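Engineer: My questions will all concern the structure given below.
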Amino acid sequence: QVEIVESGGGLVQPGGSLRLSCAASGIIFRLYTMAWYRQAPGKQRELVATLTYGGVPNYADFVKSRITISRDNAKSTMTLQMNSLKPEDTAVYYCNAQRYNSNIWGQGTQVTVNS
């Protein structure tokens, strides 16, 4: 059974940090390009960061220098370390696995940045 599960979301104050995790099962994880997306209320889902199967990261300009994406192929997991969080980072964060015509989503984890 193919499944992606995110965890690590929560409420954090502005300037704080969170570490999101994504665990995949039922796929050959090391072959997939992994990504984090987010969707704020009333807005479209947007790409936050990607990490290719070859380990090359790419970050959206609005989070560059504040986040780090990483993966552990042996454990089929991916993480997103987010620092210096801002209220505008509030959103549901989704993990995505993509390879050719296979596009797999998790259920999302809520991140709220509020004092």
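The values are calculated or read from the model by the stated rules, or taken from the named source; none is laboratory data. In this text the structure is predicted, and so the values were computed from the model without any measurement. We place every Cβ from the backbone using ideal geometry, glycine too, and count neighbours over all the protein chains shown. What goes into the accessible areas is simple: the full protein's heavy atoms, side chains included, and nothing from ligands, DNA or RNA. Shrake-Rupley method; radii C 1.70, N 1.55, O 1.52, S 1.80 Å.
Engineer: Using a 1.4 angstrom probe, figure out how much accessible area the chain has per residue, in square angstrom, rounded to the nearest whole.
Structural biologist: 55
Engineer: So what does S21 come to for accessible area, using a 1.4 Å probe and Å² rounded to 10?
Structural biologist: Surface open to solvent at S21 totals about 40 Å².
Engineer: Tell me the volume per residue, in Å³, of the convex hull enclosing the alpha carbons of the chain.
Structural biologist: 95
Engineer: What figure, in Å² to the nearest 10, do you get for the accessible area of R99 with a 1.4 Å probe and non-protein molecules left out?
Structural biologist: 70
Engineer: Which value in nm describes the separation of the simple spin-label points at N58 and L31, placed 7 Å from the Cα toward the beta carbon?
Structural biologist: Roughly 2.1 nm, to one decimal.
Engineer: Among L18, L31, L47, determine the one that fluctuates most according to a GNM of the chain built with springs between C-alpha atoms less than 10 Å apart.
Structural biologist: Between L18, L31, L47, it is L31 that shows the largest mean-square fluctuation.
Engineer: A further question follows. Build a GNM of the chain with springs between Cα atoms under 10 Å: which of V48, V12, V56 gets the top mean-square fluctuation?
Structural biologist: Of V48, V12, V56, the Gaussian network model singles out V56 as fluctuating most.
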